[in-house]
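Novice: Have a look at this one.
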Amino acid sequence: MSKNEPKSNGINVLSLFDGVSCAKLALEKAGIKINKYYSSEICPHALAIQNYHYSGDTNFIQLGNVCDIDGFDYANEIDLVVFGSPCTNLSSINKTERTGLEGSESKLFYEALRIMGQIYTFQPLFKKLYFLMENVASMSRKDRDIITNELAVIFPDIKLYKINSADIAGANRRRYYWSNIPNIGKVVPTNVKYQDLVVNGFVDKEKANVLLGSNCTLTNGIKRYYNMNIGNIIFKDKAFAELSPEQKVLQYPSILKQSGYVGGRNVKIDEYDFPNGCYRLPSILESERLMTIPDGYVSDVPSVAKTNKIKAIGLSMTVDVIAHLLGPLKEG
């Protein structure tokens, strides 16, 4: 963005690994005008959600695979690059695939680095190129330092932030953020609770666990929930929700047996029912809320299966956190 360009003119954005375009939602929430929004994404389910919202928007431009983008084509045009490269090989959750930045998916970070380097090379001196990168805070210190050092070659004024989305959202999501956007302040915590966001039922945690592409099952998922601290469940009865984890695990089998629920892929149930007599999984709407995605943005999209919507949400950025980090750009 030119120092002499009125900020009311808006900015041109390149979002790599764009998913369901949460960067666009965050910019809008921060009150930052967007001229052109270039989206690089290949997941068909994320693209279906994008198309539902933006197929008629000529300023929303889909670029496809990040590997096919030539950054030189966008030099002197892009003001902001936003991306969260794949964390598959960086996250501590994926122990068998944790091969770091050389992993088959996480090495795509270098494609983002290539594109930004190409844009920066032909960027006029008066035009500042800003960027924001997100990735998991559970990566190794080695990988974190490699990312920081690689980015610093292009952006010497880079800063690293560690933020848990739970500070301003209903779910935990510990992430590193790298950026050269100036004057980013500290997140001011809010009092949003997991329970406040559910449609019916009761939860036993103030904040939900990190949202993942896969959740607990409705048969024996309660063990995964407590033993591994993975997934999220919502209980039917308040009294049961207030029991200790040990008591819940002990009492649940008899409740399941009494319900007659045996599961199965072809079993259709309403999102807000408790088929096992004890608990259910968060709905698409509730999952949106946990990521501060506007109600209905994903849940109202037709022709995308629930499992694919949940996966798309789990791979998204927390909109309110991104809006906070991008906020200073509104000031020019």
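Novice: Of all the residues that make up region 221-250, how many are surrounded by 14 or more Cβ atoms within 10 Å (Cβ to Cβ), out of contact with any strand residue (DSSP E or B) (no Cβ under 6 Å at 6 or more places or on another chain) and of a type outside the set (Lys, Arg)?
Specialist: The number of residues fulfilling the criteria is 10.
Novice: If you check every pair at least six apart or on different chains, which have Cβ atoms under 7 Å apart with a residue in region 279-299 that is on the phi > 0 side of the Ramachandran plot first and a residue that is part of a helix (DSSP H, G or I) second?
Specialist: So the pair list comes out as THR292/VAL319; THR292/ASP320.
Novice: Ok, one more. So, restricting to strands (runs of 3 or more DSSP E) that lie completely within region 1-83, which ones have at least 3 residues that are under 20 Å from the mean Cα position of the chain (by Cα) and either at positive phi or not assigned by TED's automatic domain parsing to the domain that holds GLU288 (or both)?
Specialist: Details: elements: 11-16, 34-40, 60-62, 80-83.
By residue number, 11-16, 34-40, 80-83.
Novice: Name, by its number, the condition in (1) free of Cβ contacts under 8 Å to residues at least 24 places away in the same chain; (2) crowded, with 18+ Cβ neighbours inside 10 Å that does not hold for THR58.
Specialist: The number of the failed condition is (2).
Novice: Now a separate question. What about GLY213, is it at positive phi and outside the structural domain of ILE11 (by TED's automatic domain parsing)? Show your work before the answer.
Specialist: Details: at positive phi: no; outside the structural domain of ILE11 (by TED's automatic domain parsing): yes.
Judged against the criteria, GLY213 is not a match.
Novice: Working carefully through the options LYS24, LYS7, find the one that is at pLDDT below 95 and of a type in the set (D, E, K, R). I'd like the intermediate steps shown before the answer.
Specialist: Numbers: LYS24 fails: at pLDDT below 95.
Just one listed residue meets the conditions, LYS7.
Novice: Further, regarding this structure: Whether any residue in region 245-254 is closer than 20 Å to VAL210 by Cα, out of contact with any Gly (no Cβ under 9 Å at 6 or more places or on another chain), touching a residue at least 12 places away in the same chain (Cβ under 8 Å) and in the same structural domain as LEU290 (by TED's automatic domain parsing) is what I want to check.
Specialist: First, pick out the residues of region 245-254 that are closer than 20 Å to VAL210 by Cα: 245.
Checking which are out of contact with any Gly (no Cβ under 9 Å at 6 or more places or on another chain) leaves us with 245.
Narrowing further to those that are touching a residue at least 12 places away in the same chain (Cβ under 8 Å): 245.
From what is left, the residues that are in the same structural domain as LEU290 (by TED's automatic domain parsing) are 245.
Yes, that holds for at least one residue.
Novice: With the condition kept exactly as written, say whether any residue in region 245-262 is modelled with pLDDT under 95, assigned to a loop (DSSP other than H, G, I, E, B) and of a type in the set (Val, Ile, Thr).
Specialist: Looking for residues that are modelled with pLDDT under 95, assigned to a loop (DSSP other than H, G, I, E, B) and of a type in the set (Val, Ile, Thr), one finds at least one in region 245-262, hence yes.
Novice: Hey, can you tell me all the residues within region 125-141 that are touching a strand residue (DSSP E or B) at 6+ places or on another chain (Cβ under 8 Å) and either assigned to a helix (DSSP H, G or I) or surrounded by fewer than 15 Cβ atoms within 10 Å (Cβ to Cβ) (or both)?
Specialist: Result: PHE126, single match.
Novice: Further question on the same structure: Among (1) assigned to a helix (DSSP H, G or I); (2) within 23 Å of the chain's Cα centre (by Cα); (3) buried (at least 22 other Cβ atoms within 10 Å of the Cβ), there is one condition THR307 misses while meeting the rest; what is its number?
Specialist: (3)
Novice: Oh, and also: So how many residues does region 112-132 have that are under 19 Å from TYR176 (Cα atoms), touching a Ser or Thr at 6+ places or on another chain (Cβ under 8 Å) and not aromatic (Phe, Trp, Tyr)?
Specialist: 2
Novice: Pick out the one residue from ALA152, ALA112, ALA166 that is small (Gly, Ala, Ser), closer than 30 Å to GLU206 by Cβ and assigned to a helix (DSSP H, G or I). Walk me through it before giving the result.
Specialist: Numbers: ALA152 fails: closer than 30 Å to GLU206 by Cβ; ALA112 fails: closer than 30 Å to GLU206 by Cβ.
Answer to the selection: ALA166.
The values are calculated or read from the model by the stated rules, or taken from the named source; none is laboratory data. In this text, all values refer to a predicted model and were calculated from it rather than measured experimentally. Don't worry about glycine lacking a Cβ; one is built from the backbone with ideal geometry, like all the others, and counts go over all protein chains shown.
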